Amino acid sequence: MPPKHYRPAGKKKEGNAAKYITRTKAIKYLQVSLRVFRKLCILKGIFPRVPKKKFEGNHKTYYSTKDINFLLHEPLLEKLRQRRAHEKKVKRAKARKNKELAERLLNRMPGYKLDTLILERYPTFIDAIRDMDDCLTMVHLFASLPAVEGERIQVNRIHKCRRLSHEWQAYICRTHSLRKTFISVKGVYYQAEVQGQKITWLTPHALQQVLTQDVDFNIMLTFLEFYEALLGFVNFKLYHSINVKYPPILDSRLEALAAELYALFRYVATGSARKPVETQTSGLIEEKKDTEEKMDPSVDESELRLAQLQHQLPSNEPGTLMQLLEDSNTNDDDDDEDPDTKECRTLFKSLKFFLSREVPREALLFIIPAFGGVVSWEGEGAPFKETDEDIAYQIVDRPTQGHKFLSRHYVQPQWVFDCINARIILPTDAYLVGMVPPPHLSPFVDDEAEGYVPEYGETIKRLQTAAKKNVMPLPDLGNQDIADPQSLLAQGIIDRTQANEAAEERRKLLLLEKQYHDELKKEMSGTTYSSSLSNKNSENTGSDEMQHQDEDMVPVSTEKDDEDNRAKLYMSRKKKGLFEAMEISNQRKKSKVELLKERKRKAESSKTG
């Protein structure tokens, strides 16, 4: 008698063996190499799966059988096979030292497009916007890498990534969609809101990048190939949404001076101020194809550049960027803007900034115009010079500043980032040249949820409340503030923990004040000590009444604990385990907060001592 799980030869597979396939079998089934299989999976968006039971061992990589069957009928697979055969012909011609044939074959290399793949993976434009985080991070990373022939990182690839990243930044600046920024060790984090979707990406610092040996750049270049096509289509759609022609044609003089981002600002501001273009079709791929078909290939690029530059102001005119941005902002419809966009657009409005040569120019040139400011820098191609009397703030990152203008503030670059995160113009006293700036707080961390608000975070909250309520900021919680802690909690000046502590302190002060007045009355009336003991019950009654008046301010935790204990009795084992895990997590969070407070006390004591 055969065993229980015996399957005769040729019988159909069942269970995980039918749903999943190992990578080795998938490569044999598709008849491709491992490099081509990885490229196909990356471009098609196919990832390994983890079956419940790994029927061929834990050391194997498994894929869905349906995904592999889809790859079998993929037209891109045939294109990659043709390229592989063509590469063999080129290699054979080079081995025979036939240079003319090899060059001719290289010029006739079969190509492929990723348009259909992008349309398959992202049926709607919102789907593409939601998947832009990794795309933007990868493109900004390669835009700052050096060209290395050994790693197949070509110069034109770097220039294309730089152009795409600058086009994206120009759109974010024009629509004032930037919401948060944060400087970290890895780089600068940005978060923008585009069509209701929050997009977060990371850009490396403007430093010399060193390529490591433990990174497979072939896989990264495959991801980059797909992300370049995706970002190109997204930029095309976004530029047409604000009535700007894509791809942009920039000023050659500014491009030669490495001011591509400033040239894009001028192009976008000028293009968006024109009359709206005709209604485009809804499809993302079809729009770009129709536009490419309408363009006459016989038109020379220089003629297009000259025609485009006719709509722009002279590049050497002072204040060109400010005038362009003001003209475009006057045409904006304020009724259609949400409150966040309006607040971001007017944060640095009518303010001029000047960047010294040692500050990170590209980061500040991106974020300052995104919040309504006008910026210039030291060097050729700048819209205005350092001697302009209208400059309000000069960004300096050096120990001392020699020559100073009395009509402007000299601040460190962190001041700009902190102002953007706080959405107010912060005082410049703590960011002066040569001073140690305050801690740079992350806007991506919810301090209320973590249970610990840093001291500088409380200062920023008081400044925000003062800016909104038109009141003077409170330096600290004094006796005059204890009179009404609930109102301070409602206004956002203090958090709930501080409100509870203030309520408890107020109750104690009222009890002590009442006791003091009662003792004075007894002393004035000549009451003896024995008679005062007999009136102890009446005093307790009075204190109970006062406690009843302030019971709305004292936190009641015992009832909540009793409710939690009763709820535990009716929980299942699984839910009880989850509840206990949540309690452990909250306890760890509390211990972490206590540790931070203890460190703060030690630091303050060491400073005073």
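So L426 passes all but one of these: (1) closer than 25 Å to T341 by Cα; (2) in contact (Cβ under 8 Å) with a residue 40 or more places away in the chain; (3) hydrophobic (A, V, I, L, M, F, W, C); (4) open to solvent by less than 20 Å² (accessible area, probe 1.4 Å). Which condition number does it fail?
The single condition L426 does not satisfy is (2).
Which pairs turn up if I take residues in region 586-609 that are open to solvent by less than 90 Å² (accessible area, probe 1.4 Å) and look for partners that are not aliphatic (A, V, I, L, M) with beta carbon separation below 6 Å, at least 6 apart in sequence or on another chain?
Between residues of region 586-609 that are open to solvent by less than 90 Å² (accessible area, probe 1.4 Å) and residues that are not aliphatic (A, V, I, L, M), the close pairs are K589/G451; V593/G451; V593/Y452; L596/Y452.
Only one residue in R174, R179 is within 13 Å of F371 (Cα to Cα) and touching an Asp or Glu at 6+ places or on another chain (Cβ under 7 Å), so which one is that?
Working: R174 fails: touching an Asp or Glu at 6+ places or on another chain (Cβ under 7 Å).
Only one candidate qualifies: R179.
Which of (1) over 30 Å from I420 (Cα atoms); (2) open to solvent by less than 20 Å² (accessible area, probe 1.4 Å) does L119 not meet, given it meets every other one?
L119 satisfies every listed condition except (2).
Give the residues of region 137-189 that are acidic (D, E) and either touching a Leu at 6+ places or on another chain (Cβ under 7 Å) or within 18 Å of E228 (Cα to Cα) (or both), sorted by residue number.
The answer is E151, E167.
What number of residues within region 559-585 are open to solvent by 100 Å² or more (accessible area, probe 1.4 Å) and part of a helix (DSSP H, G or I)? Walk me through how you get there before you give the answer.
The first filter runs over region 559-585 and keeps only residues open to solvent by 100 Å² or more (accessible area, probe 1.4 Å), leaving 559-560, 563, 566, 569-570, 573-575, 578, 582.
Now drop any that are not part of a helix (DSSP H, G or I), which leaves 559-560, 563, 566, 569, 573-575, 578, 582.
Of the residues in region 559-585, 10 are open to solvent by 100 Å² or more (accessible area, probe 1.4 Å) and part of a helix (DSSP H, G or I).
Out of everything in region 56-96 that is of a type outside the set (K, R) and touching a strand residue (DSSP E or B) at 6+ places or on another chain (Cβ under 8 Å), what residue ends up being modelled with the lowest pLDDT?
Applying the filter and picking the extreme gives E56.
For a quick check of your reading of the model, give me the residue pairs whose first member lies in region 370-394 and is open to solvent by less than 20 Å² (accessible area, probe 1.4 Å), whose second is hydroxyl-bearing (S, T, Y) and part of a helix (DSSP H, G or I), with beta-carbon atoms closer than 6 Å and at least 6 apart or on different chains.
P383/T320
Test K113 against the criterion of being at negative phi and in a helix (DSSP H, G or I), and give yes or no.
Numbers: at negative phi: yes; in a helix (DSSP H, G or I): no.
No.
May I ask you to verify whether K88 is among the charged types (D, E, K, R) and over 19 Å from F236 (Cβ atoms)? Give the steps one after another, and end with the answer.
Details: among the charged types (D, E, K, R): yes; over 19 Å from F236 (Cβ atoms): yes.
Against the criterion (among the charged types (D, E, K, R) and over 19 Å from F236 (Cβ atoms)), K88 qualifies.
Please go through (1) of a type in the set (K, R); (2) in a loop (DSSP other than H, G, I, E, B); (3) under 19 Å from I172 (Cβ atoms) for R398 and return the number of the only condition it doesn't satisfy.
Going through the list (1) of a type in the set (K, R); (2) in a loop (DSSP other than H, G, I, E, B); (3) under 19 Å from I172 (Cβ atoms), R398 breaks only (3).
Does S184 fit the bill of being surrounded by fewer than 19 Cβ atoms within 10 Å (Cβ to Cβ), among the small types (G, A, S), within 30 Å of V148 (Cβ to Cβ) and within 18 Å of the chain's Cα centre (by Cα)?
Taking the combined requirement at face value, the residue satisfies it.
Search region 27-55 for residues being of a type outside the set (D, E, K, R) and open to solvent by 60 Å² or more (accessible area, probe 1.4 Å), and hand back the single one that is modelled with the lowest pLDDT. Step through it out loud before you land on a result.
At the first step, the residues of region 27-55 found to be of a type outside the set (D, E, K, R) are 27, 29-34, 36-37, 40-43, 45-48, 50-51, 55.
Still in the running and open to solvent by 60 Å² or more (accessible area, probe 1.4 Å): 29, 31, 34, 47-48, 50, 55.
Working: Y29: 92, Q31: 91, L34: 92, F47: 92, P48: 93, V50: 91, F55: 85.
Out of the qualifying residues, it is F55.
Can you run down the residue pairs with Cβ atoms below 7 Å, 6 or more apart or on separate chains, where the first is in region 451-470 and open to solvent by less than 50 Å² (accessible area, probe 1.4 Å) and the partner is of a type in the set (S, T, N, Q)?
T465/Q491
Which numbered condition trips up F125, out of (1) touching a residue at least 40 places away in the same chain (Cβ under 8 Å); (2) open to solvent by 60 Å² or more (accessible area, probe 1.4 Å); (3) out of contact with any Phe, Trp or Tyr (no Cβ under 8 Å at 6 or more places or on another chain)?
Here F125 clears every test but (2).
I need a count of the residues in region 139-181 that are open to solvent by 40 Å² or more (accessible area, probe 1.4 Å) and part of a helix (DSSP H, G or I).
Final tally of qualifying residues: 8.
List, please: which pairs have Cβ atoms under 9 Å, are six or more places apart or on different chains, and start with a residue in region 96-115 that is free of Cβ contacts under 8 Å to residues at least 24 places away in the same chain and end with one that is charged (D, E, K, R) and not in a helix (DSSP H, G or I)?
Cβ pairs passing all conditions: A102/R96.
Only residues that are within 20 Å of the chain's Cα centre (by Cα) and in contact (Cβ under 8 Å) with a residue 40 or more places away in the chain: list them for region 142-162, please.
In the first step, residues of region 142-162 are kept if they are within 20 Å of the chain's Cα centre (by Cα); the result is 142-144, 161-162.
Answer for region 142-162, where residues must be within 20 Å of the chain's Cα centre (by Cα) and in contact (Cβ under 8 Å) with a residue 40 or more places away in the chain: F142, S144, C161, R162.
Within region 56-107, how many residues are open to solvent by 80 Å² or more (accessible area, probe 1.4 Å), assigned to a helix (DSSP H, G or I), within 16 Å of Y29 (Cβ to Cβ) and not charged (D, E, K, R)?
1
The values are calculated or read from the model by the stated rules, or taken from the named source; none is laboratory data. None of these values were measured; they are calculated from a predicted model. We place every Cβ from the backbone using ideal geometry, glycine too, and count neighbours over all the protein chains shown. Just the protein is used for accessible areas: all its heavy atoms, side chains included, with ligands, DNA and RNA removed. Shrake-Rupley method; radii C 1.70, N 1.55, O 1.52, S 1.80 Å.
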